[in-house]
Amino acid sequence: AKAQGGNCYHFYSAEMNSGVSQRLSLETGLRYALERNEFLLHYQPQVDLRSGKIIGMEALLRWQHPERGLISPVEFIPLLEETGLIIPVGEWVLRTACAQNNAWLAAGLPRMRMAVNLSAHQFRQSNLTDVVCLALEDSGLEPELLELEVTESIMIHDLQTTLVTLNQLHVIGIQISIDDFGTGYSSLSYLKRLPISKIKIDQSFVRDICDDPDDAAIADAVISLGHSLKMQVIAEGVETVEQLDYLRAHGCDEFQGYYFSRPVPAEAFAALVHEQTAI
Ligand code: C2E
Ligand code: CA
Ligand code: CA
Ligand code: CA
């Protein structure tokens, strides 16, 4: 450092410095967040085209920071990935989501599938299948009521290993879906080789689906591709009735988005389900 000379520091502006220190303090906070019980899950309903009912939910991670309040995962998931903390935190998410779904079932709520996001880092863990099995065993949840959302990025690395892992999970009875479909590394040939039961149309294609013919064409193509491969297709980021009508008319099977509900805490989610069954 000495060899670089004494005047390097003037490159660091005050703004950059506060950015770096804010990042560092977030990182330190993240190291303790798990043991301090600061993580929580919100749940967002997934609605079935035919019945119009909630048939599942996606678990979404939140961080209740002692000073900064509720922090969005887009702010801290990248940090969790860089530090490797995504492994223990991801396991906590999986265990909490499985336990919650089984608790709802025991409380008399209808059977619903719990979708959990898996980062590519988690996917590359050699003992992923064991971690998932243990979460199912300890919670008592049936494997069929768990869905794992992965992104196309898991295909970048060794496809053979990916195939083996996905097959192990599939044999157990767990559903696999491809998240943010169409935004990442895409080789369509992998789709037919992998045991995938659902693809999620990314919200970037849904946003302008009624005004942008290109987005509409992409959504149409994803729906027909999914159906030709005997997969379910779900659209995320559905905010308006117009988007819903378009997707419904084009045969999309399931919907998720603010139009139905934002991601909400567990109690509020249970209330949403009660509301629809009370009719
Ligand atoms: P994602 O998996 O694509 O999740 C969907 C995101 O879209 C969520 O953001 C959700 O709140 C938001 N969303 C849902 N409906 C709408 C809508 O109608 N309009 C708009 N504009 N947005 C909508 P959130 O909860 O902030 O999560 C952001 C991302 O963080 C997730 O994107 C996912 O990549 C990651 N993430 C969240 N929880 C976990 C987790 O437990 N593990 C991992 N590995 N990643 C997670
Ligand atoms: Ca997701
Ligand atoms: Ca997504
Ligand atoms: Ca996304």
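The values are calculated or read from the model by the stated rules, or taken from the named source; none is laboratory data. Small disclaimer: the values here were computed from a predicted structure and weren't measured. Cβ sites come from the backbone with ideal geometry, for glycine too, and all protein chains shown count toward neighbours. Accessible surface areas use protein heavy atoms only, side chains included; no ligands, DNA or RNA. Shrake-Rupley method; radii C 1.70, N 1.55, O 1.52, S 1.80 Å.
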In nm, the gap between the two label points placed 7 Å beyond Cα toward Cβ at residue 28 and residue 242 is 4.9
Within the set 159, 79, 247, GNM on the chain using Cα springs under 10 Å gives the largest fluctuation to 159
Using alpha carbon positions and the Kirkwood radius, the Rg to Rh ratio of the range 106-160 is 1.04
Expressed as a percent, the accessible surface of the chain that is carbon or sulfur, using a 1.4 Å probe and the full set of protein chains, is 53
Two pseudo-spin positions, 7 Å from Cα along C-beta at residue 138 and at residue 18, lie apart in nanometres by 4.1
Expressed in nanometres to one decimal, the distance between label points 7 Å along Cα→Cβ at residue 183 and residue 272 is 1.9
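Report the charge-dipole magnitude of the chain in Debye, nearest 20, computed about the Cα centre from +1 at each Lys and Arg Cβ and -1 at each Asp and Glu Cβ. It would help to have the intermediate numbers written out before the result.
Numbers: 20 positive and 37 negative charges, 114 e Å.
So the magnitude is around 540 debye.
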DSSP beta bridges in the chain: the antiparallel percent, rounded to 5, is 40
Going residue by residue through the range 221-232, the Karplus relation 6.51 cos²θ - 1.76 cosθ + 1.60 with θ = phi - 60° gives ³J(HN,Hα) values, rounded to whole Hz and with x marking Gly or Pro, of 5, 5, 5, 6, 4, x, 5, 5, 8, 6, 10, 7
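So, R0 is 25 Å and r is the distance between the beta-carbons of residue 40 and residue 125; what FRET efficiency does that work out to, to 0.05?
Result of the calculation: an efficiency of 0.60.
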Heavy-atom accessible area with a 1.4 angstrom probe orders 200, 192, 230, 53, most exposed first, as 230, 192, 53, 200
From the Cα centre of the range 230-275 to that of the range 106-133, the distance in Å is 21
By the mean-Cβ-within-10 Å protection proxy, highest first, 89-96, 169-176 rank as 89-96, 169-176
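Skip the ligands, DNA and RNA, and give the accessible area per residue of the range 201-279 with a 1.4 Å probe, whole Å².
Accessible area per residue, the range 201-279: 50 Å².
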Under 5 Å from the placed amide H of residue 264, counting only residues 5+ away or on other chains, we find 43, 44
Quick calc of log₁₀ I(q)/I(0), the chain, Debye, one scatterer on every Cα, no solvent, q values 0.09 1/Å, result -0.47
